[in-house]
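First comes the structure, then the notes that go with it.
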Amino acid sequence: MCILRRAAISGRITVNPLRPLRSRVLVVLASSLLGIALWGAAARADVVDPQVGLRFRLATPIHNLSYFKVWPSRYEPGDALPEHMTFFFQNLLKESPLITATLVDKELGAGWPTHGFTPDDVVLKINLEDAAFTNRNTMGSKMTGRAFVRMTVYRALTKDVLFTTVVKGRETRWNPEYLDILDKQPVLWKDFERTVYWMAIQDALRQAANELLRNYTGYRILGRLTAVATPAEGLEGTWDRRAKRFHINLGRDDSLKVGDVLAVTRASAARTVDAEEPVMLYPQVVGKVKVVFLQERDGVVQVVSEHKRAPLEPGDALSVPILAPRKGQL
């Protein structure tokens with residue numbers, strides 16, 4: 001479940017970006033980046049409330065609709081995949097300090113209890129739709145796993161579908177000797193969890209998480225470069241002249257840490273024939289900056305890279321992925 005608070009906090013606004021996404025990615029970006037990229041505009045950022053963050057509720061369990069079953073143990077017939085897929089996906093969401101991932105039990109059919117939910121609450125339902133495992137025994141064993149995962153995101157109260165995505169995971173491994181646990185029946189979890197087949201399922205689940213949290217279709221903290229940073233009077237000689245620094249309108253309250261490397265984007269605008277959305281923005285990465293100083297609501301970054309023909313300047317937008325690692329991404 002994802003709750004984003006729509007409250008102005010010192011000029012900052014937290015918005016709910018979940019909406020039909022496939023055909024409206026640029027529209028979402030336009031509404032977010034337009035206010036950021038305007039030169040000289042008031043400081044503004046679309047951020048997540050640091051006291052609340054994102055609260056996802058994953059409808060449990062993640063169902064295994066494929067033909068393939070894995071026994072928990074030799075003495076416990078059944079299917080271990082739903083429990084392990086649910087645990088794995090929940091931990092993916094927990095990788096971010098801004099995310100609280102909880103579970104909600106499904107009722108019969110597509111239902112779930114709605115007591116205590118708000119209009120902004122979101123429920124995720126995920127199924128392993130199919131799995132294909134192959135093994136070729138020519139010059140050793142070449143094992144290939146393919147997994148197909150469907151994720152549907154719902155409004156918790158109305159149970160309306162916000163969007164659905166299908167992702168495919170694939171992994172291949174070669175062994176010099178013949179090796180394939182699928183020859184053993186039943187397949188036990190202690191053997192299966194070390195195979196390329198489980199890696200393929202994990203890959204599909206990671207891609208589903210990315211659809212929510214890492215891509216332009218998901219959640220990002222947006223800020224901007226607000227001014228050129230200069231050394232204090234009398235300290236000019238202590239500053240590396242080659243260092244180019246900027247003030248930013250994001251800080252520790254936006255989950256940033258010293259050392260984080262952030263992408264800087266600049267958008268080109270285009271007028272369209274669509275009466276409802278007459279202008280669309282096309283954001284493009286123009287450089288990267290590293291956080292060198294932070295306060296609660298602002299900070300200073302140093303330029304790591306920039307295009308010679310398009311140097312970074314105040315007004316450029318900062319794009320901070322909530323889930324993706326930020327340190328050392330040069």
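The values are calculated or read from the model by the stated rules, or taken from the named source; none is laboratory data. Remember, it's a predicted structure, so these values are computed and weren't measured experimentally. Because the Cβ atoms are built from the backbone with ideal geometry, glycine has one as well, and the counts that use them run over all protein chains shown. Side chains are part of the model used for accessible areas, which takes the heavy atoms of the whole protein and leaves out ligands, DNA and RNA. Shrake-Rupley method; radii C 1.70, N 1.55, O 1.52, S 1.80 Å.
Residues that are open to solvent by 30 Å² or more (accessible area, probe 1.4 Å), modelled with pLDDT of 75 or more and within 23 Å of Gln207 (Cβ to Cβ) within segment 96-129 comprise Thr102, Leu103, Lys125, Asn127, Glu129, listed in sequence order.
Screening segment 175-197 for residues that are aliphatic (A, V, I, L, M) and not in a helix (DSSP H, G or I) and picking the one that is most open to solvent (accessible area, probe 1.4 Å) gives Leu179.
Scanning segment 132-181 for residues that are under 23 Å from Val122 (Cβ atoms) and among the aliphatic types (A, V, I, L, M) returns Val149, Met151, Val153, Ala156, Leu157, Val161, Leu162, Val166, Val167. Among Leu262, Leu256, Leu157, which is at pLDDT 80 or above, in the same structural domain as Val291 (by the TED database) and part of a loop (DSSP other than H, G, I, E, B)? Residue meeting the stated conditions: Leu256. Taken as a whole, the condition of being in a strand (DSSP E or B) and within 20 Å of the chain's Cα centre (by Cα) does not apply to Ala270.
Can you work out which of the residues in segment 71-94 that are among the polar types (S, T, N, Q) and either within 19 Å of Met199 (Cβ to Cβ) or open to solvent by 50 Å² or more (accessible area, probe 1.4 Å) (or both) is modelled with the highest pLDDT?
In the first step, residues of segment 71-94 are kept if they are among the polar types (S, T, N, Q); the result is 73, 86, 90-91.
Cutting the leftovers down to either within 19 Å of Met199 (Cβ to Cβ) or open to solvent by 50 Å² or more (accessible area, probe 1.4 Å) (or both) gives us 86, 90-91.
Details: Thr86: 95, Gln90: 90, Asn91: 89.
Top of the filtered list is Thr86.
Filtering segment 265-282 to residues that are surrounded by fewer than 10 Cβ atoms within 10 Å (Cβ to Cβ) and modelled with pLDDT under 70 leaves Ala275, Glu276.
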